[in-house]
Amino acid sequence: MAWQCEWQFYLFMREARLSSLLIKNGRVIDPKTRFDRIADILIEGNKIQKIERNIKIENAKIIDANGMIISPGFIDLHCHLRDPGRPDEETIESGSKAAVAGGFTTICCMPNTEPPIDNEGIVNYIIKEAERVNLCRIFPIATITKKREGKEIAEFGELVNAGVKGFSDDGNTVSDARILRYAMEYSKIFEMPIFEHSIDECLSKGGVMNEGEVSTRLGLAGSPAIAEEVIVARDLMLSRYTGAKLHLCHISTKGSVDLIRQAKKEEIDVTCEICPHYFFFNDTVLEAYNTNYKVNPPLRSEIDRIAIIEGLRDGTIDCISTDHAPHTQAEKELEFASAPFGMTGLETALAMVIMQLINIEKFSWLEILDKFTIKPAQILKEKLGVIKEGAIADLVIINPNIKWRLNADIIKSKSKNTPFLNKELTGRAEYVIVNGELKYQAGS
Amino acid sequence: MNPKKDLLGIEGLSSKDILYYLDTAEKFIEVMERPIPIIPALRGKTILTLFFEPSTRTQISFSIAAKRLSADVVNFSATSSSVKKGETILDTAKNIEAMKVDGVVVRHFAPGAPKILADNLNAFVINAGDGTHEHPTQALLDMMTMRQYFGNFKNLNVLIVGDILHSRVARSNIFGLRTLGANVAICAPPTLIPLDIEKLNVEVFYNLDQIIGDFDVVMALRIQLERQESGLFPSVREYRNLYGLTQDRIKKMKPDSIIMHPGPTNRGVEIDPEVADSPKSVILKQVKNGVAVRMAILFIHAGGKIE
């Protein structure tokens, strides 16, 4: 009997050894603990076992991360996977591939699907499909209101039990302030945030780009900054009144940044996100009527772009999300006014951050990775987004200097509606590890 | 002048470019007055007029211009509903390319649509009005008309009255007149003035009676009745009272000043019938110049040279 026990223990250990992964000589950056130094990371099973210099171990798969940055895996609070409903644009499978290729180990998918994510059945479908695909973690966000109609609040309790991490009618504001008030109050049972898409649909009606000098010259109908700001102001007041957690999605204007900065001083329970295109572009890029720059909220003026960067610097802005919004080529080939809003973002977010915020604006890696990892993890209340011994091994290994071209054939998303198509980018995810397993390697 | 392949807008043209169009157009006025007003300049060339938005006047003006240059003209009108059935503007472009036309004159309800054609066609593309963006041929004929009355654009004071927000005519005129050095002002209810228009170096006024006496040219724009329905002004009657070119109001204008209108007019709304037919009105002169300007544009973009 004794030898049998020993033999089984040996087999178990061999198994464990073979499943261990050793990442050598990378610059390990963990925003939560403000750790930033060269070290090896040993992963065993799904956990980070050890972080030290010169770890020596036999039988481990080794990744050489010399010259690279090792960060907690990115967490995207806001993307559109179009599943169920529009498999021609994206699916959970293609969206997951795009996510890991962009360095994301966790993504939250918005509920404006067809049908919308407003009941347990659809949540179960998404979670099962994500498990089948088995690339990254996917947390569904459910609708605030049934059928996303803005009329009656959805069954939050059932949805939370099924696994959603927040509520949003994204694509539309909850126009009726009374309904939003009820939703905010009700959300307090579950201590989950309301993700608001803040744009007044009366003020923005017909608008296809930012209202300002450029829309005046181009003759395109403008959506004014105040369409966003009046709703941001309303939502902040509702959050203060109800005490509910508010997460403002994809804010884009200086006025919104100012309002949120002030709200945080007043200790309103608010967080917010911006998307890379709002610090990378201003509305002058629309001069060529390229529909890949048509997004909602629209690309704003240079003053707004600078204010977003300031908001990132002083911490007013908590997270960087992608608002990955895939659309088919046929949809985007329409005239500017008729084409749908949205650009893809999962596969370009990291490069946009490196090119604009790190290389030009001289942000530190700690500042940036904070907004991709621990901040969104805290909003989701998940024990993710950290690198420490014992933590879940969700990691991205970044090559910050590599120049590469976003050719159509390497895009993992089913859609190619990005202004970076065929353009050169700097920096990319080289290896992505989710739950201890290597899920992506660049060039694969 | 070595013109670009296409004429998509006045924005970006130099004063030299604009004056070359106007000078060429003046030469064609002479052709138009001949007993047989046709020259063989574009014989063998095919011009397609492609109108995705109803317009009789501009399409006729282009057709006549092309025929006077001996080009073959094919006119095509599509309603926006048939376009929405799935043929994208890019598909349209590919079809045109396959049919080997030399030039395309396009009117489209969507701003920027002519640019999509221009970027995908070897044929030259002339914008005959794209949504609320530009209407370069109209602005050129307007500037031609102003020059005929005032000689040049230095110290010329031009006032545009009406729905600036939705007006491609206003935009193209503002770009062109500012480039040529004229002073441009606009007068309209604030709801019909686009944001930041003053950044295009125009003066903005709301009260027409106070300023109408200061201008050499007063251009009234057509007011679309659906704008009232969307709440931009309270009623047609009030619009006429505040901004209409009425007989009483034009008495305040300078002695040698002129009244222009891109047409078609809403008689009794933005302009009274008596005013449209008065000696100050140069509306029919604009229409005549329209043909000459369009001959010049087709001629230049088809590669013609004047001796």
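The values are calculated or read from the model by the stated rules, or taken from the named source; none is laboratory data. Just so it is clear, the structure is predicted and the values come from calculations on it, not from any experiment. Positions of Cβ are backbone-derived with ideal geometry, glycine not excepted, and every protein chain shown enters the neighbour counts.
Summary table
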read-out	value
Single residue of the stretch A:323-354 satisfying the filter (away from every other protein chain (no Cβ under 14 Å) and among the charged types (D, E, K, R)) that is nearest to A:Asp169 (Cα to Cα)	A:Asp323
Hits in the stretch B:23-65 (condition: touching a helix residue (DSSP H, G or I) at 6+ places or on another chain (Cβ under 7 Å) and of a type in the set (Gly, Ala, Ser))	B:Ala25, B:Ala41, B:Ser61, B:Ala65
Those residues of the stretch A:31-64 which are assigned to a loop (DSSP other than H, G, I, E, B) and either over 17 Å from A:Glu437 (Cβ atoms) or within 22 Å of the chain's Cα centre (by Cα) (or both), in sequence order	A:Pro31, A:Lys32, A:Thr33, A:Arg34, A:Arg53, A:Asn54, A:Ile55, A:Lys56, A:Ile57, A:Glu58
Meets criteria (of a type in the set (A, V, I, L, M, F, W, C), assigned to a strand (DSSP E or B) and more than 10 Å from chain A (Cβ to nearest Cβ)) for B:Ala139	no
Selection from the stretch B:194-215 of residues that are of a type in the set (Asp, Glu) and within 10 Å of another protein chain (Cβ to nearest Cβ)	B:Asp196, B:Glu198
Lone unmet requirement of (1) within 14 Å of chain A (Cβ to nearest Cβ); (2) assigned to a helix (DSSP H, G or I); (3) modelled with pLDDT under 95 for B:Gly86	(2)
Filter result for B:Met219 (buried (at least 22 other Cβ atoms within 10 Å of the Cβ), under 23 Å from B:Ile283 (Cα atoms) and of a type outside the set (S, T, N, Q))	yes
Elements of type helices (runs of 4 or more DSSP H) in the stretch A:195-267, at least 3 residues being at pLDDT 95 or above, surrounded by fewer than 24 Cβ atoms within 10 Å (Cβ to Cβ) and more than 14 Å from chain B (Cβ to nearest Cβ)	A:225-242, A:254-265
Among the residues listed as B:Thr191, B:Thr179, B:Thr132, the single one being among the hydroxyl-bearing types (Ser, Thr, Tyr), part of a loop (DSSP other than H, G, I, E, B) and within 14 Å of another protein chain (Cβ to nearest Cβ)	B:Thr132
Top-ranked residue in the stretch B:216-229 [being free of Cβ contacts under 8 Å to residues at least 40 places away in the same chain and within 14 Å of chain A (Cβ to nearest Cβ); ranked as farthest from B:Gly151 (Cα to Cα)]	B:Glu229
Pairs where the first residue, in the stretch B:120-135, is crowded, with 23+ Cβ neighbours inside 10 Å and the second is among the hydroxyl-bearing types (Ser, Thr, Tyr) and not in a helix (DSSP H, G or I), C-beta under 8 Å, 6+ apart	B:Ala128/B:Thr49; B:Ala128/B:Ser55; B:Gly129/B:Ser55; B:Thr132/B:Ser167
